[in-house]
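Accompanying notes for the structure given below.
Every number here is computed from the coordinates shown, using simple stated rules; none is lab data. Being a predicted model, the structure only gives us computed values, none of them experimental. Positions of Cβ are backbone-derived with ideal geometry, glycine not excepted, and every protein chain shown enters the neighbour counts.
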Amino acid sequence: ANATHEVINVTLHTTLAATTKLVVPTPAKPILPVQTGVQAQQEEQSSGMTIFFSLLVLAICIILVHLLIRYRLHFLPESVAVVSLGILMGAFIKIIEAQKLANWKEEEMFRPNMFFLLLLPPIIFESGYSLHKGNFFQNIGSITLFSVFGTAISAFIVGGGIYFLGQADVIYKLNMTDSFAFGSLISAVDPVATIAIFNALNVDPVLNMLVFGESILNDAVSIVLTNTAEGLTRENMSDVSGWQTFLQALGYFLKMFFGSAALGTLTGLISALISFFNFDDMHHIDLRKTPSLEFGMMIIFAYLPYGLAEGISLSGIMAILFSGIVMSHYTHHNLSPVTQILMQQTLRTVAFMCETCVFAFLGLSIFSFPHKFEMSFVIWCIVLVLFGRAVNIFPLSYLLNFFRDHKITPKMMFIMWFSGLRGAIPYALSLHLGLEPIEKRQLIGTTTIIIVLFTILLLGGGTMPLIRLIDIEDSKARKRNKKDINLSKTEKMGNTIESEHLSELTEEEYEAQYIKRQDLKGFMWFDAKYLNPFFTRRLTQEDLHHGRIQMKTLTNKWYEEVRQGPSGSEDDEQELL
């Protein structure tokens, strides 16, 4: 009996051990520690001072932009002015700290998490939401080729060049994954100053859209490529061959790119369907009658794909970009006129504040970041960045010209190469990399700051003379006096409302404008024929009449409040009229 009992125990233990090996329990999700007591109070005070410092810097930058507009300094791009102001503020703070009058080291440090969670999503969403959809979808193939394949080419050239130069002991030595990570993050272009110059000089709209559209998608692609390199760095790849590493990286990139794009597109289409059903009285959820609730719902859908994508390990930037494009193309035209104006102006204002804050902290980083400078590394990186941009633009442009009706001219190619400015995204990504030892992070961060400032100040400042030199601007703009050139994005943003974002077409008008056009091809034809009629409702004359009454009522109410103001007078009223 004892022997039988022991055999049974051994059998049970063997079975349990085998079962445990086959079915591994999922580890519990770790709960982040919560600060309490004195630690919580200190963290709250530190966060409060950081918020105060950020808002103070932003207020000073807004005053600077106002002075640029007030004194008509339109020849200076706002991004260049804000970066220069940030450098001056950083120098002033450094002097104060040297005199031991104050200590702002923690507050003036640029925080990558704040950038990716708070500042970057509104910028990316507004970029997708404010696209000129006609030019974008007509050039979607070229934009995708430049932003996806072109960015990958640039990343491989810069990363490969840094790796092999390091192996030859010409520059600081980085391993393969770190080199590719740096090549990916430095390939993110941000031609803010160039776009302002394009708009001021009325250059070819196709060139404008190619540069602008590429920069939007390029940011998301660059972030995904950098995350791919980081993923390879975190994993143990010593026992994996180079071909297997490449396939693993390619699979990760495709999952991030297409998965995030599909999630953002789906979210945008759901918002279009919800706003579409607002028109149906059977559903009793007509939010158009309460624009504040309708506007709140659209703001939720604007940020929703970012949080969801990041929560399931996808790219929130890619998701929110495609969501913005889809919501602008379908959802926006289902909204009431009041909500349309609110969305357009609110997104522009928030994106402007976020961009201004980013460029200001970029200038502050000259004095706040612990630098490690190596001349050879910086020079070779600048050379590789310019060479990678050239290999990206020129061969792909010649390839695309075989399939395009509107050819990309050599002058346009040169301007596209020259306009490859770098912005705050490369800098934020460089701080986000978990590289060891610390001197490697400092070297990459310092080099990134120098390249960003080099492209913004030198290439950005030289774009207008270059355009005039090669005579690529519009003939009407060529006749203008230089004093009439306006590079202020903020002034134009406040004075105009895009008619495309306020278009409300009836069924007959839509059919006459889109369906019967013979020049629509590919996706444009499919969208006009099937997608747009399904996701957007063509308005009736009664809907248009109701919208005009709503706008007239709000305008009259505002006018009455102005007339009844304490400082109102007959002269002020006449001047207002």
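Calculate the spin-label point distance for residue 164 paired with residue 300, positioning each point 7 Å from the Cα along the beta-carbon direction, and give it in nanometres.
Inter-label distance under the simple model: 5.4 nm.
Of the lysine pairs in the stretch 112-475, how many meet both conditions: Cα atoms under 21 Å apart, and a spacing of 8 or more in sequence or different chains?
Values: 133/407; 173/372; 173/440; 372/440.
So the count works out to 4.
Kindly provide the chymotrypsin sites (Phe, Trp or Tyr not before Pro) of the stretch 390-449 that DSSP labels as loop, not H, G, I, E or B, and whose Cβ sees at most 13 other Cβ atoms within 10 Å.
On the way: sites: 398, 402, 403, 414, 417, 418, 427; in loops: 402, 403.
Sites meeting the loop and neighbour criteria: 402, 403.
For an R0 of 25 angstrom, estimate the FRET efficiency from the Cβ-Cβ distance between residue 175 and residue 379 and round to the nearest 0.05.
Numbers: r = 21 Å, r/R0 = 0.85.
After rounding to 0.05, the efficiency reads 0.70.
I need the chymotrypsin sites (Phe, Trp or Tyr not before Pro) found in the stretch 296-395, filtered to DSSP loop residues with at most 15 other beta carbons within 10 Å of theirs.
Numbers: sites: 301, 303, 306, 322, 330, 352, 359, 361, 367, 373, 377, 380, 387; in loops: 330, 373.
Those that pass, being in a loop and sparsely packed, are 373.
How far, in nm, would the chain grow between residue 552 and residue 145 when pulled straight, counting 0.36 nm per residue and subtracting the alpha carbon separation? Mind showing how you got there, number by number?
Details: separation 407, 0.36 × 407 = 146.52 nm, distance 4.60 nm.
Contour length minus the Cα-Cα distance gives 141.9 nm.
Residue separation times 0.36 nm, minus the C-alpha to C-alpha distance between residue 59 and residue 88: what's the value? Kindly include the intermediate steps, with their values, before the conclusion.
Details: separation 29, 0.36 × 29 = 10.44 nm, distance 1.52 nm.
Contour length minus the Cα-Cα distance gives 8.9 nm.
Within 10 Å, count the other beta carbons around each residue, average over each peptide in 454-464, 90-100, 429-439, and list them highest first.
Details: 454-464: 19.1, 90-100: 13.3, 429-439: 16.0.
Ranked by mean Cβ neighbours within 10 Å, highest first: 454-464, 429-439, 90-100.
Find the centroid of the Cα atoms in the stretch 378-404 and in the stretch 157-183, then give the distance between the two in whole Å.
About 19 Å separates the Cα centre of the stretch 378-404 from the one of the stretch 157-183.
Quick one: what are the phi-derived ³J(HN,Hα) couplings along the stretch 376-382, Karplus 6.51/-1.76/1.60 with θ = phi - 60°, whole Hz, x for glycine and proline?
5, 5, 5, 5, 5, 5, 5
Net charge within 13 Å of residue 219 by Cβ-Cβ distance, Lys/Arg positive one each and Asp/Glu negative one each, not counting residue 219 itself? Could you put the intermediate results ahead of the total?
Working: positive: 422; negative: 126, 190, 214, 355.
After counting each charged neighbour, the total is -3.
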